[in-house]
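In what follows, a single structure is set out as structure tokens and then discussed.
The values are calculated or read from the model by the stated rules, or taken from the named source; none is laboratory data. All figures in this text were calculated on a predicted structure; none of them were measured in a lab. Backbone-built Cβ (ideal geometry, glycine too); neighbour counts: all protein chains shown.
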Amino acid sequence: MSGHEQYGEDLALMALGTLEGDARAELEKHLATCSNCRRELERLRGDMALMAMSAGGPRPPQRSRQLLLEAIAKEPRSTRAGAVRGRGFQWWTALGWAAAAVMLLVVIQLRQANRGLREAVASLGSMVGQQTIELENARRLMDTLTGEDAQKVVLLAKKTPLQPQGKAFYLRRKNSLVFLASNLAPLPPEKIYELWLFPTSGGSPIAAGLFKPDAHGSATVVNPPLPAGVGAKAFAVTLEPESGSHETPRGTGVMQGAE
């Protein structure tokens, strides 16, 4: 733009959209006959557009724009080429500070968005983990009830009439036990039913869960804690104190069964 340096500041202000009045009219008249200044104006507008695209997010604060305009307004106008070049340097410095403020706002906004995204991912991971556990429990239950190698033992009362009845489904390889009881008598005060597993290797019976029947005499025990890999030759139900016996049956036998 050699020979037209006196229009440098006005071109920058026009690119910014702040040049008004006689100065704007004079510059527009000059632009009509000067292709060099028109190219310079388009270049300035392109630079500002690229800066806006790189900021990509919140608009610059109004106060930052106002401070930029005030900094430009404080500079004395002069037609000397050296003075124009000096003002141009200060104008671009001020614009650089405004761009830095915009980028700071963008960084803050991105950090907030990333924090929200991390929280959403953590919540989703927790939900997926819980659903995985529930799905595995459901598969374990189905394997126990339908597996070909699952033991199915029917427990009957010792005396007639044979009213209480129970069915034990035991899958040794998965250490899974499901027990279903029906026609149980209501519990006496401070009493509870307890299920026992008798190991194939002998030894003491293993406590396999405490339970209370509902109003219809039905009850269920699902996957009580058991030693891993223990074989079962029989199951039994006894009537125990409310806290249970745990170590060995001490109460009255209710029903028993073997495979």
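A compact table of results
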{"item": "Qualifying residue in segment 182-196 (condition: among the basic types (Lys, Arg) and touching an Asp or Glu at 6+ places or on another chain (Cβ under 9 Å))", "result": "yes"}
{"item": "Among (1) surrounded by fewer than 16 Cβ atoms within 10 Å (Cβ to Cβ); (2) outside any loop (DSSP other than H, G, I, E, B); (3) touching a residue at least 12 places away in the same chain (Cβ under 8 Å) - the single one Ala181 does not satisfy", "result": "(1)"}
{"item": "Qualifying residues in segment 184-201 (those that are among the hydrophobic types (A, V, I, L, M, F, W, C), touching a Gly at 6+ places or on another chain (Cβ under 8 Å) and not in a loop (DSSP other than H, G, I, E, B)) - the one farthest from Ala150 (Cα to Cα)", "result": "Ile192"}
{"item": "Residues (of a type in the set (A, V, I, L, M), out of contact with any Phe, Trp or Tyr (no Cβ under 9 Å at 6 or more places or on another chain) and modelled with pLDDT of 85 or more) located in segment 143-175", "result": "Leu171"}
{"item": "Strands (runs of 3 or more DSSP E) (entirely within segment 207-259) containing at least 3 residues that are more than 27 Å from Asn137 (Cβ to Cβ) and modelled with pLDDT of 90 or more", "result": "232-241, 252-258"}
{"item": "Selection status of Ser204, of a type in the set (S, T, N, Q), over 18 Å from Thr144 (Cα atoms) and surrounded by 12 or more Cβ atoms within 10 Å (Cβ to Cβ)", "result": "no"}
{"item": "Residues (more than 44 Å from the chain's Cα centre (by Cα) and buried (at least 17 other Cβ atoms within 10 Å of the Cβ)) located in segment 207-244", "result": "Ala234, Phe235, Ala236, Val237, Thr238, Leu239, Glu240"}
